[in-house]
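Below is one structure, written out as structure tokens, with a few remarks after it.
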Amino acid sequence: MTRATGCSRLSGVAALDARPHAVAVAMAFKVALALCFVVAIAVPLDHLEGKGMAFRFPLFMLSAVVVPLAWRGRFRPYPATADVLIVAPFLIDTLGNLAYVYDTFDATDDVLHTLNWILLVGAFHAWRYRRGGSAARPSRRDAWLLGAGLGALAIVGWEAAEWIVAETGAGGGLDLTYDDTVADLVLSTGGGVIGSALAVTLFPQQPR
């Protein structure tokens, strides 16, 4: 009775994290990501040439441990929403490559760069609203700018990493163009702005 009452008092993203099977869903996303890479690396698929799947594998799988390592049992319930949102972009990208969607539809890369950054910035806010111990709570405007800025920094770092891979040929190399890089920077930054606005609205601060 006490446990049910406590759960009913949760609000915002904490209420989402407390839902039944939230942790199971987070685990399912991680298992799906790992299985996708097993297929991508073990099965010789012509359309994966130049995609740098060997380079992506360790980087993408890091997304599966970010939230558990940061959480380490510091609060309850487990931040499953943040966990799902941070793994989802990497799963979507890998599925898109496996299913030959990027090469079939020209707009796929543009759409997914925007969508994935919405999810990544949403993951940041889902985690930020759940972590404990911070007395300083930024205004909604400052929180939105914080998330949007983080999204912009993330895409700059991502494009820099892709450039290094393209120049060195590591992990099979990548086929990149200047136009693609600039478009990715603009679209992902825009996705981060949208994702931050949505998260600040949908994930209100849990009262203390």
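The values are calculated or read from the model by the stated rules, or taken from the named source; none is laboratory data. This one's a predicted model, so the numbers in the text were calculated from it and none came from an experiment. All Cβ positions, even for glycine, are placed from backbone atoms using ideal geometry, and neighbour counts span all protein chains on display. Accessible surface is based on the protein model in full, side chains and every heavy atom, while ligands, DNA and RNA are left aside. Shrake-Rupley method; radii C 1.70, N 1.55, O 1.52, S 1.80 Å.
Structure summary
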read-out: ILE86, ILE155, reordered so the largest accessible area comes first (probe 1.4 Å); value: ILE86, ILE155
read-out: Using θ = phi - 60° and Karplus 6.51 cos²θ - 1.76 cosθ + 1.60, couplings along the stretch 188-203 (whole Hz; Gly, Pro as x); value: 5, 4, x, x, x, 4, 5, x, 5, 5, 5, 5, 4, 7, 8, 10
read-out: Accessible surface, per residue, of the stretch 34-107 when the full set of protein chains is kept, probe 1.4 Å, Å²; value: 51
read-out: Size of charge dipole - the stretch 73-119 - debye, nearest 20, with Cβ of Lys, Arg +1 and Asp, Glu -1, no other charges; value: 500
read-out: The stretch 1-130, accessible surface, carbon-and-sulfur percent (1.4 angstrom probe); value: 69
read-out: Probe 1.4 Å - accessible area at TYR129, Å² to nearest ten; value: 20
read-out: Accessible heavy-atom area order of GLU49, GLU162, highest first, probe of 1.4 Å; value: GLU49, GLU162
read-out: Sparsely packed trypsin sites (Lys or Arg not before Pro) within the stretch 21-106, loop by DSSP, other Cβ within 10 Å at most 12; value: ARG72, ARG74
read-out: Farthest toward positive dipole pole in the chain [+1 Lys/Arg, -1 Asp/Glu at C-beta], among ILE41, ILE155, LEU119; value: LEU119
read-out: Average Cα contact separation per residue, the chain, under 8 Å, 6 or more apart, as relative contact order %; value: 30
read-out: More than 14 Å apart - percent of Cα-Cα pairs taken over the stretch 75-132; value: 57
